[in-house]
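Inspection log for the structure reproduced underneath, given as structure tokens.
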Amino acid sequence: EEVKKSPSANLTSSLAGRLPGVIIRQTQGELGYDDPLIRIRGVGTWRDANPLIIIDGIERSGLGRLDPNDIESITVLKDASAAIYGVRAANGVILVTTKRGKEGKPAFSFTYNHGLFQPTRIPEMMDAPTFAKVANENAEFKGRTNLPYTEEEIAIITADTSNRYPNTDWIDEVLEPYSIQKRYNLASSGGTENIRYFVSFGSLQQDPIFKNSIADYTQYNVRSNIDFKVNKYLSVSLDVAGRIENRTRDILGSTTTWVNTLNGSPVEHAVWPNGEYAPGRGFQSPLFLDKMGYHKQEDRPIETKAFFDFKFPFIQGLGMDGSFYADYSNRFRKVWEIPWEFTTWDAATDTYETDMTDTEISLEEYVSRHSAYTYNLRLKYNRSFN
């Protein structure tokens, strides 16, 4: 219930501030690649200091991509309480249990969350007149006599009357005021004495924060947890969970785009007065994101579990249980890069010309498949005498 209160698209981020001794550090916010760093009471080992993630009894990845509406409980084991998992628990253990059906009439729930997100803090950059004056001060400090800008040029920049010297606010040109995030979940649970079920379907969609960006993240997830009581000796559980994750990112990536935005000079055009895009520094204006190509990644993880619990009818206290986990994952990546056009202005003739980058057309595709199987079989005897 606590995790569901957080509108974060990443379940791991929702744990921040909610668990004692757990440190959640967000290192980036790129759509679909925003898994934060998890540390339980600091760093306990060299190299990999991540905690062990156990989801429904088995080690699994993708904690951040779980739908919070499917979670029954989250437990953190630290120090001695995690010792049952051996050396793998040196950095703690996070146990996640998903919801299961309960005996009773069918119950339905629908949850919808519509959020607006934006950067927490945006640096305030110099305007063009201040930039020109500081550039001159920097040159004077270095002992140069040939200053970058004359007093006449600074006056023109201040007056903002020349096509040659704009007053560009790159952050305003590149960033959207806010971006939209939508998540919904439809779930049903219920059952009888002999069969109980929990099924859910969810969707998540995030839009980019950069203007002209093609980046987005879309996720569809489904889960089915079913428990059968075959007879008084045998119980069976069947769990299936799957996701469709579609990630699209710009060729430059969010980090490079943000750096290019901050490095943009206020005395350089982002958009010419005729509405065409200027080249920007290194011909990588952040406004060209939709013209450079794309980087797409599609993930299709499927997680299954079969469990049985059998009590021997003729020997009191003797039983057997077993579980079988089968996880599959398919990943497809495609990188498509193409040259793009930009417009330059000739101050001598006051004319515009269209040019193109020398980027080579390139196409890369990757396909990977992964499968993992885990078997458990246990004979148990539990009986009290006198």
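The values are calculated or read from the model by the stated rules, or taken from the named source; none is laboratory data. As the structure is a prediction and not an experimental result, all values here were calculated from the model. Here the Cβ is made from the backbone with ideal geometry for all residues, glycine too, and neighbour counts use every protein chain on show. Side chains are part of the model used for accessible areas, which takes the heavy atoms of the whole protein and leaves out ligands, DNA and RNA. Shrake-Rupley method; radii C 1.70, N 1.55, O 1.52, S 1.80 Å.
For trypsin sites (Lys or Arg not before Pro), the sites in the range 134-205 that DSSP calls loop and that have at most 11 other Cβ atoms within 10 Å are 142, 144. Comparing Cα centroids, the range 238-277 and the range 356-374 end up 19 angstrom apart. Accessible surface for the chain, divided over its residues, is 58 Å² per residue with a 1.4 Å probe. The loop-placed trypsin sites (Lys or Arg not before Pro) in the range 76-140, going by DSSP, that have at most 12 neighbouring Cβ atoms within 10 Å of their Cβ come out as 121.
Remark: the range 263-336 carries a charge dipole of roughly 180 debye about the Cα centre, counting +1 on each Lys and Arg Cβ and -1 on each Asp and Glu Cβ. In degrees between 0 and 90, to the nearest 10, how far off the longest principal axis of the chain does helix 253-263 point, with axes built from Cα atoms? Orientation of helix 253-263: about 30 degrees from the principal axis. I want to make sure I understand the PRE zone here: with the label point 7 angstrom from the Cα of residue 353 toward its beta carbon, which residues in the range 271-305 have backbone N atoms less than 20 Å away? Backbone N within reach: 271-285.
In loop segments of the range 193-268 as defined by DSSP, the GluC sites (Glu not before Pro) with at most 13 further C-beta atoms inside 10 Å of their C-beta are 193.
When the chain is described by a simple charge dipole with +1 on each Lys and Arg Cβ and -1 on each Asp and Glu Cβ, the residue from 264, 231, 313 located farthest towards its positive end is 313. Starting from the Cα gyration tensor of the range 1-47, take the square roots of the eigenvalues, sort them a ≥ b ≥ c, and report rounded, prolate or oblate (rounded when a/c is under 1.5, otherwise prolate if a/b is larger than b/c, else oblate). Here the range 1-47 falls in the oblate category. When the accessible area of the chain is computed with all protein chains present and a 1.4 Å probe, what percentage of it is carbon and sulfur? Here carbon and sulfur together make up 53 percent of the probe-accessible area. Computed from backbone phi, the HN-Hα couplings of the range 301-314 come to x, 10, 10, 10, 8, 10, 9, 9, 9, 10, 10, 5, x, 9 Hz, rounded to whole numbers (Karplus: 6.51 cos²θ - 1.76 cosθ + 1.60, θ = phi - 60°; Gly and Pro given as x). Karplus-based coupling profile of the range 16-33, in residue order and whole Hz: 4, x, 10, 10, x, x, 9, 9, 10, 10, 7, 9, 7, x, 5, 4, x, 10, with θ = phi - 60° in 6.51 cos²θ - 1.76 cosθ + 1.60 and x standing for Gly or Pro.
Can you give the FRET efficiency to the nearest 0.05 for residue 281 and residue 16, using r as the Cβ-Cβ distance and R₀ = 56 Å?
Values: r = 36 Å, r/R0 = 0.64.
Efficiency for this residue pair is about 0.95.
With helices as the sole contributors, the chain gives -3000 deg cm²/dmol at 222 nm; each DSSP H run of n ≥ 4 counts as -39500 (n - 2.57), and the sum is divided by every residue. Please find the FRET efficiency linking residue 338 to residue 111, where r is the Cβ-Cβ separation and R0 is fixed at 41 Å, and quote it to the nearest 0.05. The pair residue 338/residue 111 has a calculated efficiency of 0.50. Is the shape of the chain rounded, prolate or oblate, going by the alpha carbon gyration tensor and its root eigenvalues a ≥ b ≥ c, with a/c under 1.5 for rounded and a/b larger than b/c for prolate? Because a/c hits 1.5 or more and a/b exceeds b/c, the chain counts as prolate.
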